[in-house]
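Scroll down for the structure; my scribbles are underneath it.
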């Protein structure tokens with residue numbers, strides 16, 4: 001696959017969404033979990049999405065149960081949790097595997113695409129991948145990087161300007 005736009009995934013309600021339909025948008029792809037120490041980052045993701053959505057940023061949440069079984073719920077339970085606890089309005093997708101033998105192909109692309117930061121496996125929940133308007137991976141950020149912190153907002157600003 002040449003870009004993130006080459007993938008179609010089910011949203012959290014089970015409806016297929018071709019990422020090619022998001023061409024021209026900057027995407028922040030995040031593997032999320034509702035029972036993680038980083039779960040509070042949903043607040044930061046909501047803030048980032050609200051700040052930049054009108055300029056073309058979309059945060060995309062991908063629930064994954066790969067780390068410490070910290071996303072055990074069903075898609076409906078995850079959607080309910082995100083909506084009621086954090087007011088998530090950005091697109092959420094059906095649960096996926098982000099590493100291992102059953103890794104979703106989108107995450108295989110995101111972890112193998114050449115980029116200036118790093119390649120390799122996702123190490124924990126709430127890692128972030130910044131995807132440009134053309135669907136190509138621009139940067140990756142580890143879990144501790146706050147979505148609305150200076151490192152990520154600077155990268156988002158640059159991606160939106162290009």
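The values are calculated or read from the model by the stated rules, or taken from the named source; none is laboratory data. Every value quoted in this text rests on a predicted model; they were computed, and no experiment measured them. Note: ideal-geometry Cβ built from the backbone for every residue, glycine included; neighbour counts use all protein chains shown.
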May I ask you to list the residues in the range 77-92 that are modelled with pLDDT of 95 or more and more than 22 Å from residue 37 (Cβ to Cβ)?
-> 91
Can we say residue 67 is outside any helix (DSSP H, G or I), out of contact with any helix residue (DSSP H, G or I) (no Cβ under 6 Å at 6 or more places or on another chain) and under 22 Å from residue 130 (Cβ atoms)?
-> yes
Mind checking whether some residue in the range 110-131 is surrounded by 19 or more Cβ atoms within 10 Å (Cβ to Cβ), under 14 Å from the mean Cα position of the chain (by Cα) and part of a helix (DSSP H, G or I)?
-> yes
In the set 2, 18, the lone residue that is at pLDDT below 95 and loosely packed, with under 13 Cβ neighbours inside 10 Å is 2
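Considering the range 46-62 alone, what residues qualify as being buried (at least 20 other Cβ atoms within 10 Å of the Cβ) and part of a helix (DSSP H, G or I)?
Matches in the range 46-62: 48, 49, 52.
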Output for the range 3-38, where each listed residue is in a loop (DSSP other than H, G, I, E, B) and free of Cβ contacts under 8 Å to residues at least 12 places away in the same chain = 15, 37
Check the range 77-93 and report whether any residue there is more than 15 Å from the chain's Cα centre (by Cα), closer than 21 Å to residue 20 by Cβ and in a helix (DSSP H, G or I).
-> no
